[in-house]
Amino acid sequence: MPITQPDFTIGIEEEYLLVDRDSLDLAPAPPALIQRCNDALQGQFSPEFLKCQVETGTQVCATVADAREDLKRLRSTLSRIAADYNLSPIAASCHPFSDWRDQNHTDKDRYNNLSDQLAGVVRRMLICGMHVHVGVDDRDQRIDLMNQMRYFLPHLLAFSASSPFWQGEDTGLSCYRLTVFDNLPRTGLPPRFDAWGNYQRSVNALTEMGLIEDGSKIWWDMRPSHQYPTVESRICDVQPRLEDALTLAALTQALMRMLWRLGLQNQRWRVYDSFLLSENRWRAQRYGTREGLVDFGANAILSFNQLTEELINLTAEDALALQSAREIERLRDMLLSGTSAARQRTVMAQELSAHNDRPRALRAVVSHLIDEYHADL
């Protein structure tokens, strides 16, 4: 029987924060804004846990070019409607200076239940992420690809880091978001499973006892989607710049195809213990792309100059097949310009040097994030 290639379609979900254009502090989404976005975006928009957060999701896209058009439409529509209420979206995983204690959660059954179940832990969830779905119809294949793809999750995290500040302080981390998110249960790197049945039995063990409703309450860095026939990467910080989001989505898609292609040659990527992979996850969270990651096969730390070229070479055939070579090669530009975390710190340092006024410098970082959100629209 011939091997059927997965579709490798992609879908991108992004969470945004809404800020007041004058104060640059967080602001709740007015009900009229929610209604207008729902009407305009027809099921591709929803409020999020906190009132200052919203989420959009692209349609199922065959190529990154398709995703670009849809994501641009989603971001532009949200920006246009928000402007009528003197608000602007930003696509950064943490607001540079707002306090989570000042935020209120959205009054919906799902979010009320989350607040009851997770108590003080969930109140601090003033964070935003980007999720990338890759279409894989066969359930066992989803598990097999997820097992191998765990190796590359720290690489994606490092490039995506956009959350260096928390409540007005520089955390020293490139991605502070995971520090907050990892306080929730059922987070972190996904376990290794032998097959779909093994995964499903684990989920059923929790659902049958009433501990969770379904697999959507499992929040690993990557998971089989509960709702769609996809593998869902959840590791990335949300990206201020649209083109950076598309590059990371393209890399996720191409890596999945590369791992599938290895199987055609009776090969596979070595599956490492989570203990080792967590070391790279931490390095990505702490340093972004400033420092390297461990290559466990070579038993050496490789710089991101080396890792970037390795990723481009590994996925070259797949990028051609998926029509995403330009986006994948853009990894070099992302490395050169630095992560969003690095760019935010540069703005902060420049403002402090010029004015020595910390509140003013933090507001300048938010203005920078607004500009980057709109740069590619």
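The values are calculated or read from the model by the stated rules, or taken from the named source; none is laboratory data. Predicted model, so just to flag it, every value in this text is computed and none were measured. For neighbour counting, all protein chains shown are included, and Cβ atoms are generated from backbone atoms with ideal geometry for every residue, glycine included.
What to note about this one:
- Residue within region 77-86 that is in contact with a strand residue (DSSP E or B) (Cβ under 8 Å, 6 or more places away or on another chain) and either over 24 Å from Glu372 (Cβ atoms) or aromatic (Phe, Trp, Tyr) (or both) present: no
- Only one of the listed residues (Gly188, Gly197) is under 24 Å from Asp7 (Cβ atoms) and of a type in the set (Gly, Ala, Ser). That residue is Gly197.
- Of all residue pairs spaced 6 or more apart or on separate chains, those with beta-carbon atoms under 6 Å, a first member in region 268-297 that is touching a residue at least 60 places away in the same chain (Cβ under 8 Å) and a second member that is crowded, with 18+ Cβ neighbours inside 10 Å and of a type in the set (D, E, K, R) are Leu277/Arg150; Leu293/Arg283.
- Matching residues in region 75-105 - criterion: being among the aliphatic types (A, V, I, L, M) and crowded, with 24+ Cβ neighbours inside 10 Å: Leu78, Ile90, Ala91, Ala92
- Filtered residues of region 256-307 (kept if β-branched (Val, Ile, Thr) and buried (at least 21 other Cβ atoms within 10 Å of the Cβ)): Thr289
- Pairs meeting the criteria (first residue in region 17-39 and of a type in the set (Val, Ile, Thr), second residue buried (at least 17 other Cβ atoms within 10 Å of the Cβ) and in a helix (DSSP H, G or I), beta carbons under 7 Å, at least 6 apart or on different chains) are Val19/Val366.
- Residue among Glu232, Glu279, Glu291 that is in a helix (DSSP H, G or I) and within 22 Å of the chain's Cα centre (by Cα): Glu279
- Test: Tyr373 is farther than 30 Å from Ala65 by Cα, among the aromatic types (Phe, Trp, Tyr) and in contact (Cβ under 8 Å) with a residue 12 or more places away in the chain: no
- Elements of type strands (runs of 3 or more DSSP E) contained in region 44-99, each with 1 or more residues being touching a residue at least 60 places away in the same chain (Cβ under 8 Å) and closer than 19 Å to Arg21 by Cβ: 53-57, 87-90
- Annotation note: of Pro185, Pro190, the sole residue that is more than 16 Å from Asp237 (Cα to Cα), modelled with pLDDT under 95 and either within 21 Å of the chain's Cα centre (by Cα) or not basic (Lys, Arg) (or both) is Pro185.
- Members of region 100-123 that are farther than 21 Å from Ala27 by Cα and in contact (Cβ under 8 Å) with a residue 12 or more places away in the chain: Leu114, Leu118, Val121
- Pairing each residue of region 306-331 that is at pLDDT 95 or above with any residue that is of a type in the set (A, V, I, L, M, F, W, C) and assigned to a loop (DSSP other than H, G, I, E, B), provided the two are 6+ apart or on different chains, yields C-beta distances under 8 Å for Leu322/Phe8.
- Of the residues making up region 347-356, one or more are surrounded by 13 or more Cβ atoms within 10 Å (Cβ to Cβ), touching a residue at least 60 places away in the same chain (Cβ under 8 Å) and under 25 Å from Met130 (Cβ atoms).
- If you filter region 140-173 down to residues that are outside any helix (DSSP H, G or I) and of a type in the set (A, V, I, L, M, F, W, C), you find that the one that is surrounded by the most Cβ atoms within 10 Å (Cβ to Cβ) is Ala161.
- Once region 178-207 is narrowed to residues that are touching a Ser or Thr at 6+ places or on another chain (Cβ under 9 Å) and closer than 21 Å to Tyr151 by Cβ, the residue that is surrounded by the fewest Cβ atoms within 10 Å (Cβ to Cβ) is Pro191.
- Filtered residues of region 195-237 (kept if touching a strand residue (DSSP E or B) at 6+ places or on another chain (Cβ under 8 Å) and β-branched (Val, Ile, Thr)): Thr230, Val231, Ile235
- Selection status of Leu320, touching a strand residue (DSSP E or B) at 6+ places or on another chain (Cβ under 9 Å), part of a helix (DSSP H, G or I), farther than 18 Å from Cys175 by Cα and not charged (D, E, K, R): no
- Every condition in (1) surrounded by fewer than 14 Cβ atoms within 10 Å (Cβ to Cβ); (2) within 22 Å of the chain's Cα centre (by Cα); (3) acidic (Asp, Glu) is met by Asp116 except one, and the failing one is (2).
- Of all residues in region 128-139, those being surrounded by fewer than 24 Cβ atoms within 10 Å (Cβ to Cβ), within 19 Å of the chain's Cα centre (by Cα) and closer than 14 Å to Gln5 by Cα number 1.
- Looking across region 208-228, the residues that are touching a residue at least 40 places away in the same chain (Cβ under 8 Å), part of a loop (DSSP other than H, G, I, E, B) and crowded, with 18+ Cβ neighbours inside 10 Å come down to Asp221, Ser225.
- Residues in region 87-102 that are modelled with pLDDT under 95 and not charged (D, E, K, R): Ser98, Trp100.
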